[in-house]
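Just so it is clear, none of the values below were taken in a lab; they were calculated from the coordinates. Because the structure is predicted, anything quoted here is derived from the model rather than measured.
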Amino acid sequence: MTRMIWAASAAFALISSAQAMAWQTPEAAPAAARTVAPVAEETAPDGTTPEERANTARLNAEQAARASTDNTIYTQEVSAAQQQIAHDQQVYAEETAAYEAEKARVAAMSAEERMKWEADVAACKAGDTTRCAPQAPVPPK
């Protein structure tokens, strides 16, 4: 209960001091409390002041500069990516060509060896024992 009485009396004191301050004349008011009448500024039809329009223009210019820089960086990154893709495709084509050449070489060598083997088999069957494969030794019993 006592706490409520103290709070109420403090509130009344604040209210009365605020009302007393409101009744003071501007000359009697402290220097910090005096307000300077705002300078009449031209306001645009949308209600903005020249300072607001200047700030807006400055911010727009800054944003446009950042956007231009970002666009330049993006363009450079895209160009670099395209160059990397072209390089990778070139490397892939070269590696594929080397692989295909090796595959063709091995296929030709294999075909040549098979033709020689078939000729040796035919000669062996015809009776030329020099071209027959060596016989495996028979293990003793």
Notebook entry, point to check: What are the aspartates and glutamates whose alpha-carbon lies under 17 Å from the alpha-carbon of K103, with same-chain residues fewer than 8 places away excluded?
Noted result: E94, E95, E112, E113
Notebook entry, point to check: Across the stretch 62-72, in residue order, what do the Karplus-derived ³J(HN,Hα) couplings come to in whole Hz, using 6.51 cos²θ - 1.76 cosθ + 1.60 with θ = phi - 60° and x for Gly and Pro?
Noted result: 4, 5, 5, 5, 5, 5, 5, 4, 4, 5, 5
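What length, rounded to one decimal in nm, is gained on full extension from S68 through to W117, with 0.36 nm per residue of separation minus their alpha-carbon distance? Mind dumping the intermediate values first?
Working: separation 49, 0.36 × 49 = 17.64 nm, distance 7.26 nm.
The span from S68 to W117 would gain 10.4 nm if fully extended.
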